[in-house]
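Rule-based calculations on the coordinates, nothing more; no lab input. Since the structure is predicted, the reported quantities are computational estimates derived from the model, not experimental observations. Using ideal geometry, Cβ is built from the backbone for each residue, glycine included, and neighbour counts are taken over all protein chains shown.
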Amino acid sequence: MYTEKTMKRRIRTLERQIEKIKTELAGLGDLHPGSLTEQYNVCGTPGCRCKASPPQKHGPYYQLSYSRKGKGTTRFVRREHRATVARQLKNYARLRQLVDRWIDLAMELANLRLEQDKESDP
Ligand SMILES: [Zn+2]
């Protein structure tokens, strides 16, 4: 349990941490959910190097898989877009991390505010 002084200090700390999260969220760049995977394929051309021994498969090809509103989607990503998409995925992961942290802090703050109200009652 907190004393009134430590409760106020904790509230200020939580408010500061939430402000930092908001600032970082506002600065997040482009984002996209999902994950990138590398793929190597075998084609249908007879005598192709992908059927040699050992096989030299075609690729890598990059595939972006994500799920949105319960619907899973997969699409190819051009090699030259790979770094951009990887950055978008990283930003999305950071967004989720920050929001999750915000929720934890907000819940603690909300409870402390109620505690504080209770203590200031006559
Ligand atoms: Zn081939």
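Using every pair of separate Cα atoms, the Kirkwood estimate puts the hydrodynamic radius of segment 77-117 at 12.5 angstrom. The rule of thumb for compact globular proteins, 2.2 N^0.38 Å, goes into the C-alpha radius of gyration of the chain 1.81 times. Compared with the dominant Cα axis of the chain, that is its longest principal axis, helix 4-26 is turned about 30°.
Once the dipole of the chain is set up with Lys and Arg at +1 and Asp and Glu at -1 on Cβ about the Cα centre, which of PRO46, SER67, LEU36 lies farthest towards its positive end? Sorting the options by dipole projection puts first PRO46. The calculated 222 nm mean residue ellipticity attributable to helices in the chain amounts to -18500 deg cm²/dmol, summing -39500 (n - 2.57) over DSSP H runs of n ≥ 4 and dividing by all residues. Could you tell me how many degrees, from 0 to 90 and to the nearest 10, lie between the Cα long axis of helix 82-120 and the main elongation axis, the longest principal axis, of the Cα atoms of the chain? That works out to roughly 20 degrees.
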